[in-house]
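See structure below.
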Amino acid sequence: MAEGLLFNTIEKLIGKLGSVVVESWNMRDDLGKLVENMSEIKAVVLDADEQQSTNNHQVQLWLEKLKDVLDDADDLLDDFNTEELRRKVMTDNKKAKKVRIFFSSSNQFLFSFKMVGKIKELGKRIEALNVDQKNFNFTNRTPEQRVFKQRETHSLVPEEKVIGREEEKKKLLEMVFDTNVKENVSVISIIGVGGLGKTTLAQLVYNNKEVQQHFELMKWVCVSDDFDVKGIAAKIIESNTNDAMDKVVQELRKKVKGKRYLFVLDDIWNENRDLWLELMTLLKDGARGSKIIITTRSEQVAKISGSSSIFFLKGLDEKQSWRLFYQLAFENKKEPENKNLVSIGMEIVKKCSGVPLAIRSIGCLLYSMEAEEDWLTFKNKDLIKIDEQGENKIFQLIKLSYDHLPFHLKKCFAFCSLFPQDFLIEKKMLIRLWIAQGFVQSSDENISLEDIGEKYFMDFVHKSFFQNITKQFDGKVCFQMHDIVHHLASVISSSDYLLVKERGQHVDKKIRHVSFGFELDSSWQAPTSLLNAYKLRTFLLPLHGLYDNFEIQVSACISILSSFRRFRVLNLNCREPMKIPSCIGRMKHLRYLDLSRSHLIEELPRSITELINLETLLLNHCYGLRELPKDLWKLVSLRHLELDGCQRLTCMPRGIGKMTNLQTLTPFVLDATSKDSAKASELRGLNNLRGELEIKGLECLRHCPTEAKDINLMGKPHLHRLRLEWNSQIVGDVNDLEKDDIILHDIVMHSNITFLRIVGFGGVTMSSLVNLSTSLDELSLDNCTRLQYLELTPLHVKYICLGDLPSLEWIVNDNNNGDNSSTFSASLTEIYLFQLPNLKGWCRCSEEEMSKGCCHQFKSLEKLWIVDCHNLISIPQHIDITEIHFLNVTEKVLQQAVTYSKVEFLQLYNILNFKSLRGVFQHLTTVCDLSIRNCEEFDPCNDEDGCYSMKWKELTNLKVLTFHKLPKMKYLPEGLQHITTLQTLRITQCVNLTSIPEWATSLQGL
């Protein structure tokens, strides 16, 4: 812990000591002396930090002792806070503010006596260190006070446009599409120093729309310094490395055989040719035109890989470098009028040698410095130290940006070293981990720590420490760190943080935070060196959240749980039958506990409710979990309780309504059969809930539907997503089922709800939808078996998904009139209809009205999925649709769907009575990708009019064509050879196809 972090730690501890209430303790003098000695040490610790960097062994020992004392002081103060919380829970006095340290009961007296002794002992250790520091002749120093300009922040920031790589992208695309190569599989190497943008260039090509249409199979694999053939193969097939090598090899060969693929192997360091050849034997069966792009800093890596094309990436030129710099360093991304500032900036940019990562880092740093004198000081004082030679120069430039971070961000950055290189880190998880370690501080109790953590995160994004910000399919926001940035985090944190990369790696006893960069399986046992690392505050398994197949033996879990008391963060998962030992209740400092994917845990010990400081409890996919502890309400600090995938969980414990700090609670399960279960009324006061809320078991409210009002959604303005579920397996009489509409009506939703999913609704009519806010963007209805009528017209949703509604005949029930109908249909951009066997049409308008353009016309629709709706006979017009997926629908609906459309992606599966594309061709001139599968009557050469087979040439934009399982197809239509844009033709399981014409063999992909 260097870089001034000890100074910050001491400063925080002094503040905490000053807030302890000591009137009845007779220890005011002890605390006063403690604060005095700590203040004297604080004055010199910056100088001590600097001296230890010169390898002064005695100073290093002194600082290590100081860190130990500060950790003990932090634990001691945490004991005070814990006791205060415990007494609040015991007295159940919500209005209590400061609980006095001295109480009359014997237990309280013993605690007080024990704390007095600990403070005296701590005071002696601090005093001894203060005496010792005077022998080193440290000088008093205070950190520089800098005022930084802040950017306005929001949750997701688009990457600035990649500058200066247009020509490189064009050349790389030519290499990727080049078919004039000897081998079916060819390798392209991108070579350049760290930070040049090799990965970015590969991403530009990988995400190119034409590239994605050209290749049947694509995969991006981050390799880094561990070239593990089995691991790379497992990533390609999305398996796990615990599978046997034979199984992985077999699956990979099956996956690539005969397919034109593009694989990107990012950041390769391996120079062992034998390992490369071993990998290539698994990949050699790809179709002609398959490509492997590798990015590397080493020309030797490119040679041993047998690259057919080598791309040497150079730095940006002076003009490009300046353009990137001023977009980041100046307001409004424009060059300033101050010529002096421009001149200074240009000199600084030259120092970055055209390396985009360095330019971004320094540009973002200088954005926060407004004064010209600050820029001059940076140029003449900081930059002058940078070594001009080698890649270390880029590292030093990034380190300069780190040096200017405030203390709280330095701590957060150091913690990131616990994640493996190139790891996709989830933002929400990381912020919670920062909070658990006490790194996130707020002086305003009206602003949540999570919101402050969000600001920290965006600071790192704006300073280019975090990159590749993406939103995953499940809505989670993730990011990565550049390998140079990750290396910096590892270097500055090495004395306290350890990422264990292989079995048998020693864990030094001074380590405070440990993480595992490989999967721990059932053969792993906690090594002795780990169990001896008594200072541990973090035990993290980042990879175990990615798959369901990794597990730790019960004995290993128990040894971890029973060996440590100082954890703030604990992450364990065990798939064997296991009873969590009661000793977990002794981890009184624990803030973050993740037991997710411990599949066979059926219950938690009651002692877990003694973890009174616990803020985050994750039990996702604990499939065997039947119940939560009855006294769960005692966890008064808990803010996040996640129970996704706990299918056997039947209820919430009574008293959960007292946990008013909860921000995350998913799901909330209602149960009418247990007297110890929470009722809907317990949701009334949980008004800090945010994000998503799922309520299951709503059938329990049928006896008194108005209880739904107790949910009090109007008091929960931070909720944005809502899932409501009735158990459709519970059969009630018709009168009971009709009460579901009353329940839905009384769950009054506020205008911040943008997503609503309803499952198992038992009524015939869902009239309550008229009360939904017009701000709703997404609506999903599933497994509502009796539902016949919907009132959707007041809504303006963009996304609608209707599935397993066997009684539904019409989606919109009004006739061709009314503005509401018009606005509802017009706002939709995505429609998904699944398993609606009785659906006749979108609306009741006649075919004549639809052909003229009825009021339900889709004016914004982009994607349309219709699956298993075989009675559907009509859908309104839509002109902007680009993507259509049809399965088990009629040919008539297909004709309606493509008429007047601009469809680019058309997938057809098992279209009923579908014999040909006659009458449709003229509407498919914009199609780029066409797939026809499992259509028993379809014959592409059905040429009754004598020219049908030539009609295919009208598909003038077609690039990818797929025929699968078409028993009537005997020949390929002649018109295909005249489609100049066609690149890929895929034909599978067309058993009666007699031959492939010669012209087809010239396609890039066959």
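The values are calculated or read from the model by the stated rules, or taken from the named source; none is laboratory data. Keep in mind it's a predicted model, so treat the numbers as computed, not measured. Every residue, glycine among them, receives a Cβ derived from its backbone with ideal geometry; neighbour counts consider all protein chains shown.
In the stretch 852-874, how many residues are more than 10 Å from S825 (Cβ to Cβ) and either free of Cβ contacts under 8 Å to residues at least 12 places away in the same chain or part of a loop (DSSP other than H, G, I, E, B) (or both)?
Pass one, the stretch 852-874, residues more than 10 Å from S825 (Cβ to Cβ): 852-853, 862-874.
Okay, now just the ones that are also either free of Cβ contacts under 8 Å to residues at least 12 places away in the same chain or part of a loop (DSSP other than H, G, I, E, B) (or both), so 852-853, 862, 868-873.
The total comes to 9.
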>> Would you confirm, using the coordinates I've provided, whether D71 is at pLDDT below 85 and either assigned to a helix (DSSP H, G or I) or not assigned by TED's automatic domain parsing to the domain that holds I126 (or both)?
In response: no
> Do we have any residue at all in the stretch 324-340 that's out of contact with any strand residue (DSSP E or B) (no Cβ under 9 Å at 6 or more places or on another chain), of a type in the set (S, T, Y) and in contact (Cβ under 8 Å) with a residue 60 or more places away in the chain?
Replying inline: no
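Can you report the number of residues in the stretch 240-284 which are assigned to a loop (DSSP other than H, G, I, E, B), closer than 28 Å to T984 by Cα and without any contact (Cβ under 8 Å) to a residue 60 or more places away in the chain?
So the count comes out to 3.
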> Here are T609, T616: which of them is in contact with a helix residue (DSSP H, G or I) (Cβ under 7 Å, 6 or more places away or on another chain) and under 22 Å from L430 (Cβ atoms)?
Replying inline: T616
>> Which condition from (1) surrounded by fewer than 16 Cβ atoms within 10 Å (Cβ to Cβ); (2) modelled with pLDDT of 95 or more is the one that H885 breaks?
In response: (1)
> Which members of the stretch 446-459 meet the condition of being free of Cβ contacts under 8 Å to residues at least 60 places away in the same chain, under 18 Å from the mean Cα position of the chain (by Cα) and surrounded by fewer than 18 Cβ atoms within 10 Å (Cβ to Cβ)?
Replying inline: D451
>> Which of the numbered conditions does I811 fail, given that it passes all the others? Conditions: (1) under 21 Å from Y832 (Cβ atoms); (2) at pLDDT 90 or above.
In response: (2)
>> Among the residues in the stretch 405-415, are any surrounded by fewer than 18 Cβ atoms within 10 Å (Cβ to Cβ), in a loop (DSSP other than H, G, I, E, B) and in contact with a helix residue (DSSP H, G or I) (Cβ under 9 Å, 6 or more places away or on another chain)?
In response: yes
> Any idea how many residues of the stretch 199-233 are assigned to a helix (DSSP H, G or I), within 20 Å of V256 (Cα to Cα), touching a strand residue (DSSP E or B) at 6+ places or on another chain (Cβ under 8 Å) and not aromatic (F, W, Y)?
Replying inline: 5
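Taking the stretch 364-374 on its own, how many of its residues are free of Cβ contacts under 8 Å to residues at least 60 places away in the same chain and either crowded, with 18+ Cβ neighbours inside 10 Å or outside the structural domain of F330 (by TED's automatic domain parsing) (or both)?
As a first pass, look at the stretch 364-374 and keep what is free of Cβ contacts under 8 Å to residues at least 60 places away in the same chain: 366, 371-374.
With the extra rule that they be either crowded, with 18+ Cβ neighbours inside 10 Å or outside the structural domain of F330 (by TED's automatic domain parsing) (or both), the set shrinks to 366.
Matching residues across the stretch 364-374 total 1.
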> Looking at (1) part of a loop (DSSP other than H, G, I, E, B); (2) free of Cβ contacts under 8 Å to residues at least 40 places away in the same chain; (3) of a type outside the set (A, V, I, L, M); (4) closer than 16 Å to F415 by Cα, which is the one condition that is false for S495?
Replying inline: (2)
> Can you tell which of L156, L173 is modelled with pLDDT of 90 or more and over 22 Å from W276 (Cβ atoms)?
Replying inline: L173
>> Which of the numbered conditions does G438 fail, given that it passes all the others? Conditions: (1) assigned to a helix (DSSP H, G or I); (2) at pLDDT 90 or above; (3) not charged (D, E, K, R).
In response: (1)
>> Condition first: in a helix (DSSP H, G or I), hydrophobic (A, V, I, L, M, F, W, C) and over 30 Å from I191 (Cα atoms). Now tell me which residues in the stretch 340-397 satisfy that.
In response: L341, V342, I344, W375, L376, F378
> From the list L590, L641, L600, which residue is at pLDDT below 90 and aliphatic (A, V, I, L, M)?
Replying inline: L600
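Here is a check on your reading of the model: is A244 farther than 26 Å from I190 by Cα and in the same structural domain as V205 (by TED's automatic domain parsing)?
Values: farther than 26 Å from I190 by Cα: yes; in the same structural domain as V205 (by TED's automatic domain parsing): yes.
When the stated conditions are applied, A244 passes them.
For the condition surrounded by fewer than 18 Cβ atoms within 10 Å (Cβ to Cβ) and outside any strand (DSSP E or B), what is the one hit in S464, S443? Walk me through it before giving the result.
Numbers: S464 fails: surrounded by fewer than 18 Cβ atoms within 10 Å (Cβ to Cβ).
Matching residue, one of S464, S443: S443.
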> Take the residues of the stretch 467-488 that are part of a loop (DSSP other than H, G, I, E, B) and of a type outside the set (D, E, K, R): which is farthest from M429 (Cα to Cα)?
Replying inline: H482
